[in-house]
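The values are calculated or read from the model by the stated rules, or taken from the named source; none is laboratory data. Nothing here was measured: the structure is a model prediction, and the numbers come from that model. Cβ: placed from backbone, ideal geometry, glycine included. Neighbour counts: every protein chain shown. Please note that ligands, DNA and RNA were not included when accessible areas were found on the heavy atoms of the full protein model with its side chains. Shrake-Rupley method; radii C 1.70, N 1.55, O 1.52, S 1.80 Å.
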Amino acid sequence: MPDKPKIAMYWCASCGGCEESVVDLAEDILFVLDNVDIIFWPVALDFKKSDVEKYKDVEIVASLINGAIRSTEQEEMVRLLRKKSKVIIAYGACAQLGGIPALANEFQKEEILRYVYEEAPSAVNPDKKRPQAQFKDDDRETELPELWDTVRTLEQVIDVDYYLPGCPPSSKLLKEAVLVLLSGILPSKGTVLAPDLALCEECPRKDTKPTDLSFTEFKRPNMHNIDPEKCILSQGFICIGPATRSGCGAMCIEGNMPCTGCYGPTSRVKDQGAKILSSITSNISGKTEKEIDAILEGIPDPVGTFYRYGMAGSLLRKKVDF
Amino acid sequence: MLLDENKSQSGSQGWQPKIIAFFCNWCTYTAADLAGVSRIKHAPNARVIRVMCSGRVDPQFILDSFAKGADGVLVGGCHPGDCHYQEGNYKCLRRFQLFKRVVESFGINKDRLRLEWISASEGDKVRLVINDMVAKVKALGPLSLPKKFSEWDKEMNIIEEKIAGKEEAVHA
Amino acid sequence: MATDIEGIKSVTLETIYDTPEGKLIQSCIQCGTCAGACPHGEYMDYPPRRIIKMLQHGLIEKVFETDSMLKCVNCYACMVKCPREIHLTEVILQLVKEQTIIRLPAVPPELQKALENNYRYGNPMGESGRKRANWVTTSSVPVRILSQNPEPVDVLWFVESYPSYHPRGQDTCRALAKILNALEIDFAILGNEEKSAGECGMLSYESGLAEALVDYNMSVFAKYKFNKMITTDPHALDAFNYRYKLYDFGYEAQHAILFIMQYHDRLKPLLKKTLGYSVTYHDSCCLGRHNKFYDEPRQLLQLIPGIKLVEMVHNRLNSICCGGGGGGMWLDTYFKSQNMERLSDIRVKEAIETGADILAVACPYEIPRFEDALKVAGYDKKIAVKDIVELVSESMED
Amino acid sequence: MSKTTGNTRTGFYICHCGTNIAGTVDVEKVVDYVSKLPNVVVAKHYKYMCSDPGQEMIQKDIRDQNLNRLVVAACSPFLHERTFRNVASQAGLNQFFFQMVNTREQNAWVHLDALASTEKAIDLARSAIFRVAFHKPLEQKKVPIHPGVLVVGGGIAGIHASLTLANAGKKVFLVEREPTIGGHMAMFDKTFPTLDCAACILTPKMSSVKNHPNITMWTYSEIESVDGYVGNFKVNVKKKPRYIIEDLCVGCLDCIDACVYKEPRFFDEFNQGLSKRKPVYIPFPQATPQLVVIDPETCIDFKSNKCKKTCVDVCERKAIDLNQQPEHKEIEVGTIIVATGFKPFDASGVPYYGYGVYPNVYTALEVERLINASGPTSGEVVMRDGSRPEKIAIIHCVGSRDKNTNLWCSRVCCLYSLKLAHLLKEHTHADIYNFYIDIRTPGKMMEEFYYRMAEEGTKFIRGRVADIYPDLTDEVHRRLIVKAEDTLISEIIKVPVDMVVLSTGLEPRADANDVRRMFNITCSTEGFFIERHPKLAPVNTFTDGIFLAGCCQGPKDIPDTVAQAGAAAAEALALIDSGFIELEPNTAFVVEVDCSGCKSCVPLCPYSAISYQEDKKKAYINEALCKGCGTCVASCPSGSIKQNLFEDEEIYSEIDGILNYTNIYEVSECC
């Protein structure tokens, strides 16, 4: 019996939800395990870096990497996986676009470290100690990963073949992706393995959206009730659905929450944040700066709103000047 | 004016800002033509991209311009109420009001992005706006995002070198 | 702004084309409006239009062969009517005038004396600086003098020389003090520390003197804390708002009438006494043409119960100068020697023609000039010259 | 430069435009640089690219070198884009495989530094070369042109344009705001330089308009809205109530005599208030149409509802209807001629000339009425105080050539001032003083006219009047003293006169801005409508199918107005007779497979070109309604709408081209 295809899975700067989504395959995971050999999956099984190093170049059929890249260790590992794998799949919003961790690109590394280790109300650190990259104690010398200044998407660090979007990707998409990989008929490089249509396509509330929408105010879900029947955007809550790929099954909408854009833009859009901003603001009422600004007060944090997942992968990537 | 023009000339004397200007066909592009017909001299830093309406200016174009190396982006449209397409300029203004906040949050000085209403008859306003914008952007210095991007990525060289070093060691 | 300051301080004829205002003379179409509008145009060898043409041709030296520019009374009449908006009074004529004075074989003695007095005593009359605040003793209300009580004050009232010393000027001062007091304004004067602001016309004649006065007054201002400055003298107003600004004067000076008008709601109930006068108002050059305050003085007059406002033939933008500006105050003898009709004489004729009881003014030069002209005119009908402030104060009496 | 269509072979041509471009831009350097860019097969410069040899050179290259893209760097696309598109299509290339670079108006003409200018030319050339690679072959849509024409304004311009078109067999709608056509010309007495009577030449034309079978004349009417585009305008016209049933009124004027006001007592607009009219009136005897009008502002019945209505009773034909309501008409036309005229400058805007203060100060238009035989004094020059003037000053340039009022020269004042000098002299034998800044008498027979007037003894004083005031020393006459410098003798002079005539300038109409917006045309900051090109398209506007005639475009005299009206009519005729117009194919379209049906675009379109297809659950753009602004494209959140000629890729490649600075140029510089 020939060896089953070897699959590696790795997480970088991420919450772990992507790993969870693999488990969410439920009984389907058995099908996966029947067909592939998971040779590296640190979150679930005890593998070491050296386990990967021992493989020949491109011996691994596919590596599914989730999380953004922001430390030396992550970079080192993904470079190694790239070398050993035939196909690299950026798994999930963080790997594809930077995800939530990429919101850190709004700040300088020092700002973040200072806050976390010194200023946060929960921090007790009178000596203002910070993690060190190198640590020496008696005879031991330890090297710890170091944070980079910039959070990156996976493709900004290594060559990526496919993208599986989502925060996390739906198990449906994962299953389809695995089937595609196993079929051997690979899509063209750079393909995002999700439908190239915006979420409204599969939104259950599509029909309730009026064709004469004109925003007079914007509301936030934590402060107002959302009508569970009607198009959420039409109620004045920012919903990124129109600028976000479908494929998730409109799960957030099913849960009566607006889409926050985790599946990223369609192939025709370079910058999801700019595009949804353009769409939504074009449809607000008001013709003077004053009227317009009054309505826009309902969007206090446009970057956090429109670049929630896409900052690292956006056209500007991060705050360019401080 | 002669003086201004001389002062703002680039030639080979040092860095000159590059401004991408999206001008609407009916008002601002025509005004820029009028400036030409009237020989109204102004700073040579703006590169005009003609669109039919300021409403066509996708915020992505502005970000892309910055990302590709523009030091400033100027959007010119018809005055409120004067849009050739009735309301395109209002849509542009609505986007702009929020978009400029986004751009500032991204650390780009507000003087690098400007929306101006210039009607077809305001040839001199083209001069005033371009000269003023060039002066302001000059004072800010280069934005040079392409260069910044590669500088940011330099931090990755360490690992690259480390890996390369190891490989050499292995081969040796 | 730094370059602008330097530019104006060091401006010479050579640099005339370097300023945007100077460059404007290239656009002159030689229509002659300036010459026709000039109250002394007919007495000038070279009226303003010709001077501009001569400047265009570089014949500046020829301009100085005559005293034409000495006859300019800084009345802005040419400037407001110029169809090319050339800044004649503000820039061009000033420059030429300064050079004219420098080259005069002899400065007219009356003017010479006034300049010297300003230098030595800080006022053109040659009065003692220690008597500047004497009028306060005859004021019906207390007037705070900062040197005696240097506490911060809201409004600093720059009294200026004529109101300080001239008996009729002092009447205006007492009237204003009464009004400010009634309006419960926190105000004070500099008292004997004050020196002439170096009014706008004077500044161009003798820039050295002007600068000395500016420096002196600025150093006095620096000693005290105040929020705004008012004055009854439109010339001082212009000095502060146009010249002192170049020396980092950080306040917007306001004419007393405009200041009072801000409180018209509070003022109106205080004006209890009906004054059954027919009043004609003379627009002063600086307040009117230069600063475009035509309506406010009239509005203030109309707050006074019983007053009927009538207009002279020449009013507002077209008002005729009293002849006191630009040094004219001290050139009457000289002008007379040139057989020139006094402008104040012309003006009071127009005032008498209206049949008014009162010729109302808003500039301290005008009271003595018009009162003098009325004496000479010897008309039957009595017409009194009063500052608007005096009329307001009069109406406040029970 | 990845996704270009096939094998891109671009030809690049830069025009010297004599020295207009080449004097500033180093065209050889541009060619040198461009020739090294990818896809560029040919790069050439030539003295006049738009000339026949230039065009032929390009066409030959297209054929010989098998070019499939064309970039021309020359003047503004507004001038020659069509020329070079034709060049491409005649050589067998789809005309939209072309991109133009504006190297003259927006480069050579506005910069002095040759190096910077050349850099800019290179950047923009590279941008166009990058862009043109993404161009697609497009077809122009042909739209039939409705043969009807709307003429807005019934002055001499509108009248002449209407007649020209109607005589050519076209259906014309002439809409005039006032109760009569005729405009300002109807108020004039005689016209310069021929001194023929204005009424004699105008009134026959007015009645021709009225009687022409092809002209529908609506007076006392205003345009309410204009929709559509060249060839297919939909216009709404409001006919204001005249309170007269037009079909019944025969113009007997009995109602005027019968009015409860025995004497006329209201401001007579046509006579500039120099006479009075009743609430029911006819503007002037030759008014066209010969219909009375009732002014609701002054008619007692409209105020108190208690009038005896003697006018209604006297009308045997029952033509008076005091309950008449506005009538709204919708018409379809293919072209529009805007001839809305001018407004005379309000003379009180120069306060020191005493208009409105001294009764003997008149405006020129008032004097026209005074002199006119059918005017308020039947041609007798009698002043408001009943006296006859012996000395008259005519003051030129009132409200013209003055930054405080209007900077422009009103072009007709010199000549009409000369004319008034002549007519006043003829009527009064008074001494006439013309105060002027410069006498401007360009045009055929105009200088000769000046010569004649001077010969008649009119005194000319070269100086702009600085002051006008009553002579207080002159108890008897109280003449007005006109003070000015006679600049030619450098003397200040004071001329006592009985009458002052202010030659007021011409201004845009107060509502020019509203008119401009309604017709989607542009106007200068002053308010005169802007022609498409001052020399080459003087009666066209930037909006296809809308033309200008007369003083709404700028001050001009009657001969020029008539010439321009004829030209506007000819332009309209040319369009109508071509039968159809080709539209720019820059419309937007939804890529249906990409559209998620989010409906965001639907409310954005002011022309309702975007609809939501309930069956497919996708958006759809009606090409016929789309005007090509591209707002929906910029707003489509999933990038599923495209605009022809302005596709995202095209604009991105333009940005890329401008900023993709390679050092080819600098290297060649230093080596």
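Express as a percent, rounded to the nearest 5, the fraction of DSSP beta bridges in the protein assembly as shown (both residues included) that run antiparallel. Please list the in-between numbers first.
Working: 58 of 165 bridges.
In the protein assembly as shown, approximately 35 percent of DSSP beta bridges are antiparallel ones.
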Angle, helix D:77-90 long axis vs. longest principal axis of chain D, Cα atoms, 0 to 90°, nearest 10?
-> 50 degrees
Anything losing 50 Å² or more of accessible area from the isolated chain to the full protein assembly: pick those residues out of region C:338-380, probe 1.4 Å, ligands and DNA/RNA ignored.
-> C:E353
Using only protein heavy atoms and a 1.4 angstrom probe, determine the accessible area buried between A and B, summed over both sides, in Å² to the nearest 100.
-> 3900 Å²
Do any residues of region D:450-464 lose at least 30 Å² of accessible area when the full set of protein chains is present rather than just their chain alone, and if so which, with a 1.4 Å probe?
-> D:R462, D:R464
Please list, or write none, the lysines whose alpha carbon is within less than 23 Å of the alpha carbon of C:K62, excluding same-chain residues fewer than 8 places away.
-> C:K23, C:K53, C:K71, C:K97
Take the Cα radius of gyration of chain A and divide it by 2.2 N^0.38 Å, with N its residue count; two decimals is plenty.
-> 1.10
Taking placed amide H atoms and a strict 5 Å upper bound, the residues 5 or more places from D:K618 or on another chain that come that close are D:Q613
Report, to the nearest 10°, how far helix A:72-84 tilts away from the longest principal axis of the Cα atoms in chain A, using its own Cα long axis and a range of 0 to 90°.
-> 70 degrees
Tell me, rounded to the nearest percent, the portion of alpha carbon pairs in region D:588-644 spaced more than 16 Å apart.
-> 27 percent
Expected vector for region D:194-206, Karplus 3J(HN,Hα) from phi with 6.51, -1.76, 1.60 and θ = phi - 60°, integer Hz, x for Gly and Pro, equals 8, 6, 7, 5, 4, 4, 4, 8, 8, 4, x, 5, 4
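For chain A, what is the accessible area per residue in Å² when the probe is 1.4 Å?
46 Å²
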For region C:6-103, what is the charge dipole size about the Cα centre, in debye to the nearest 20, if Lys and Arg each add +1 at the Cβ and Asp and Glu each add -1 at the Cβ?
-> 260 debye
Where A:R70, D:R9 fall by accessible area, highest first, once all protein chains stay in place (1.4 Å) | D:R9, A:R70
Identify, among A:A198, B:P142, A:A133, the residue whose Cα sits farthest towards the positive end of the charge dipole of the protein assembly as shown, taking +1 on the Cβ of Lys and Arg and -1 on the Cβ of Asp and Glu, with the dipole about the Cα centre.
-> A:A198
Which shape class, rounded, prolate or oblate, goes with region D:1-148 when its Cα gyration tensor gives a ≥ b ≥ c as root eigenvalues, a/c under 1.5 marks rounded, and past that a/b bigger than b/c marks prolate?
-> oblate
Using θ = phi - 60° and Karplus 6.51 cos²θ - 1.76 cosθ + 1.60, couplings along region D:308-313 (whole Hz; Gly, Pro as x) | 6, 6, 4, 5, 5, 5
DSSP loop trypsin sites (Lys or Arg not before Pro) in region D:374-458 with at most 14 other Cβ atoms within 10 Å of their Cβ, which ones?
-> D:R384, D:K403, D:K444
Ignoring everything but the protein chains, give the 1.4 Å probe accessible area of B:W117 in square angstrom, nearest 10.
-> 40 Å²
Given the protein chains as shown and a 1.4 Å probe, how many square angstrom of B:K166 are accessible, to the nearest 10?
-> 100 Å²
So who's got an amide H within less than 5 Å of the one on D:I14, skipping anything under 5 residues away but keeping other chains? H placed 1.01 Å off N, in plane.
-> D:K44, D:H45, D:Y46, D:A73
Using heavy-atom solvent-accessible surface (probe 1.4 Å) with all chains present, what is the largest-first order of D:H477, D:H533, C:H255?
-> D:H477, D:H533, C:H255
Largest fluctuation, A:A243, A:A44, A:A274 only, Gaussian network model of chain A with Cα springs under 10 angstrom, belongs to A:A44
Accessible-area ranking of A:W11, D:W109, largest first, probe 1.4 Å | A:W11, D:W109
How large, in percent, is the carbon and sulfur part of the accessible surface of region D:346-507 at a probe radius of 1.4 Å?
-> 52 percent
Given charges at Cβ of Lys, Arg, Asp, Glu: the protein assembly as shown dipole, positive-most of D:I129, D:I432, D:V235 | D:I432
Hey, can you list the residues from region D:627-643 whose accessible area shrinks by 40 Å² or more with all protein chains present, relative to the chain by itself (probe 1.4 Å, no ligands or nucleic acids)?
-> D:C629, D:T631, D:A634, D:S635, D:P637, D:S638
Quick one: grab Rg to one decimal and Dmax as a whole number for region D:346-507, Cα atoms only, in Å.
-> 14.8, 47
Rolling a 1.4 angstrom probe over the protein heavy atoms, how many square angstrom per residue are accessible across region D:131-206?
-> 33 Å²
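In square angstrom, what is the accessible area per residue of region B:16-171 with a 1.4 angstrom probe?
Spelled out: the 1.4 Å probe surface of region B:16-171, per residue, equals 31 Å².
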Under the Karplus relation with 6.51, -1.76 and 1.60 and θ = phi - 60°, whole-Hz ³J(HN,Hα) for region A:162-172, x at Gly and Pro, equal 9, 10, 10, x, x, 10, x, x, 6, 5, 4
How many angstrom lie between the C-alpha centres of region D:59-136 and region A:255-322?
-> 37 Å
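To the nearest 20 Debye, how big is the dipole of region C:109-261 about its Cα centre, given +1 on the beta carbon of each Lys and Arg and -1 on that of each Asp and Glu?
Around 360 debye, computed over region C:109-261.
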Give me the percent of the accessible area of chain C that comes from carbon and sulfur atoms, probe 1.4 Å, all protein chains in place.
-> 50 percent
About its Cα centre, what dipole magnitude does the protein assembly as shown give when the only charges are +1 on Lys and Arg Cβ and -1 on Asp and Glu Cβ, stated in debye to the nearest 20?
-> 1780 debye
The answer for GluC sites (Glu not before Pro) in region D:542-626 that fall in a DSSP coil and have at most 13 neighbouring Cβ atoms within 10 Å is D:E592, D:E614
Charge dipole (region A:199-306, unit charges on Cβ, about Cα centre) - positive-most of A:T211, A:N283, A:Y263 | A:Y263
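Leaving ligands, DNA and RNA out of it, report the carbon-plus-sulfur percent of the accessible area of region B:16-171 at a 1.4 Å probe.
Whole-percent figure for carbon plus sulfur exposure: 54.
Take the Cα atoms of chain B, build their convex hull, and give its volume per residue in Å³.
Hull volume over Cα atoms, normalised by residue count, gives 139 Å³.
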At 1.4 Å probe size, with no ligands or nucleic acids counted, give the accessible surface of A:I60 in Å², nearest ten.
-> 0 Å²
Separation of alpha-carbon centers, region B:115-147 and region D:602-650, rounded to whole Å | 31 Å
Buried area at the B-D interface (accessible, heavy atoms, 1.4 Å probe, summed, Å²) | 4800 Å²
Could you pull out every residue, at least 5 positions away or on a different chain, whose amide H is within less than 5 Å of the one on D:N434? Hs are placed 1.01 Å off N in the peptide plane, and Pro or chain starts have none.
-> D:I394, D:K459, D:F460, D:I461
